[in-house]
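Novice: First the structure, which I've put down as structure tokens, then a few questions once you've had a look.
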Ligand SMILES: *Cc1c(COP(=O)(O)O)cnc(C)c1O
């Protein structure tokens with residue numbers, strides 16, 4: 001009884017301000033002014049607004065060295081945790097770009113976001129979920145090994161990113177790799193966009209990875225965010241190398257533009273979304289060592305390539321020089337490699353009672 005009496009006034013207090021301010025159904029669609037970093041000149045015409053979706057600044061964590069124990073190291077490693085820009089359905093590097101892209105879609109009074117990517121696209125998943133949060137419908141084109149809609153009925157239809165992409169209510173159009181190559185992503189996007197227009201909708205098209213001039217501002221800002229952390233946190237002062245991975249190019253373009261000293265190592269050994277046994281083993285053993293899961297498509301490959309470079313001598317780390325690795329997220333893509341990753345997991349024990 002006592003709880004009922006106590007709860008009622010609280011409910012009234014919470015509900016009244018919401019209805020009286022007339023907040024829209026999608027309060028996350030909130031445009032705020034964008035203040036570009038001081039090194040940006042007004043002539044570069046920075047965007048004027050963004051929708052604050054990310055938890056910023058993302059932390060920098062000091063982590064165990066990913067170099068093999070054979071390799072004597074006095075070089076510390078740090079991770080820039082852009083895997084945690086948002087929750088599981090939003091997180092990763094794409095959310096920084098979406099802050100600008102979704103603001104532009106809102107300014108243009110669009111109602112539907114249209115984008116494209118691979119079947120385990122982190123970008124499509126983040127766009128669909130952030131889009132829904134801000135009150136947009138989304139339609140995505142997915143490049144699939146098997147484009148048959150039946151394939152999406154089975155367990156693989158809810159694997160990793162697909163679970164969250166589909167939960168958001170996004171409409172999916174499938175194409176084969178061949179069709180994707182033949183038509184190109186712009187053509188495919190404009191086909192979906194035109195058909196939406198003919199239905200009276202207002203689509204806003206976002207290119208692969210959100211990597212256009214506007215999306216890149218997310219990483220120009222990220223560079224300046226890190227510079228501030230670097231200046232203010234003494235434990236970061238020996239960072240001399242910054243390592244990040246690249247896919248559609250927006251992250252690299254933004255960071256390279258914004259960072260004074262950067263280091264880039266390409267990790268595309270076997271090609272997009274194909275991992276060698278060495279790369280999978282590296283992701284597994286680093287998770288076991290550090291509790292950090294690097295993804296199998298981008299960050300695991302890049303960190304592996306970087307470590308291999310150091311161990312083989314192609315990459316030289318001077319005495320005491322520290323490394324910042326930019327963790328861009330993507331753990332959900334690892335579900336597609338679950339059987340390879342889990343092959344030698346610790347045995348589970350039945351509890352002895
Ligand atoms: C998309 C993505 C990248 C590559 O970023 P681009 O801006 O497309 O170059 C790197 N890591 C992860 C986890 C990604 O999802």
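Novice: Using all Cα-Cα distances in segment 94-210, what percent lands in each 5 angstrom bin from 0 up to the longest?
Specialist: 2, 12, 24, 25, 20, 12, 4, 0
Novice: Separation between the residue 240 and residue 55 pseudo-spin-labels, each 7 Å from Cα along Cα→Cβ, expressed in nm?
Specialist: 3.3
Novice: Here's a follow-up. Where is the GNM fluctuation largest for the chain (alpha-carbon springs, 10 angstrom cutoff): 232, 337, 159?
Specialist: Result: 232 has the largest fluctuation of those listed.
Novice: If one takes the longest principal axis of the Cα atoms in the chain, at what angle in degrees, from 0 to 90 and to the nearest 10, does the Cα axis of helix 213-232 lie?
Specialist: With both axes taken from Cα atoms, the answer is about 50 degrees.
Novice: If you don't mind, another one. Using only C-alpha positions, report the orientation-averaged shadow area of the convex hull of segment 141-294, nm², one decimal.
Specialist: Numbers: hull surface 50.8 nm².
Dividing the Cα hull surface by four gives the mean projection, 12.7 nm².
Novice: Where does the chain land on the Kirkwood hydrodynamic radius, alpha-carbon pairs, in angstrom? Before the final figure, lay out each step's value.
Specialist: Values: mean 1/r = 0.0454 Å⁻¹.
This gives a value of 22.0 Å.
Novice: Evaluate the distance, in nm, between pseudo-label points positioned 7 Å from the Cα of residue 290 and of residue 231 along their respective Cα→Cβ axes.
Specialist: Once both label points are built, they end up 2.7 nm from each other.
Novice: Also, I was wondering about something else. Say we join alpha carbon atoms closer than 10 Å with springs in a Gaussian network model of the chain; which of 69, 251, 176 then has the biggest fluctuation?
Specialist: In this elastic network of the chain, the residue with the biggest mean-square fluctuation among 69, 251, 176 is 69.
Novice: Helix 277-290 versus the longest principal axis of the chain: what angle, 0 to 90°, nearest 10, using Cα atoms?
Specialist: The two axes meet at around 80 degrees.
Novice: Continuing with the same structure: So how far apart, in nm, are the two label points at residue 171 and residue 150 if each is 7 Å from Cα heading toward Cβ?
Specialist: 2.5
Novice: List the residues of segment 48-62 whose backbone N lies under 12 Å from a point placed 7 Å from the Cα of residue 32 along the Cα-to-Cβ direction.
Specialist: Under 12 Å, as judged by backbone N against the label point of residue 32, lie 50-57 of segment 48-62.
Novice: Sticking with this one: Gaussian network model of the chain, Cα springs within a sub-10 Å range: biggest mean-square fluctuation belongs to which of 120, 153, 104?
Specialist: For the chain, modelled as a Gaussian network with Cα springs under 10 Å, the answer is 153.
Throughout, read-outs are computed from the coordinates displayed, never taken from laboratory work. Computed from a predicted structure; not experimentally measured. Cβ sites come from the backbone with ideal geometry, for glycine too, and all protein chains shown count toward neighbours.
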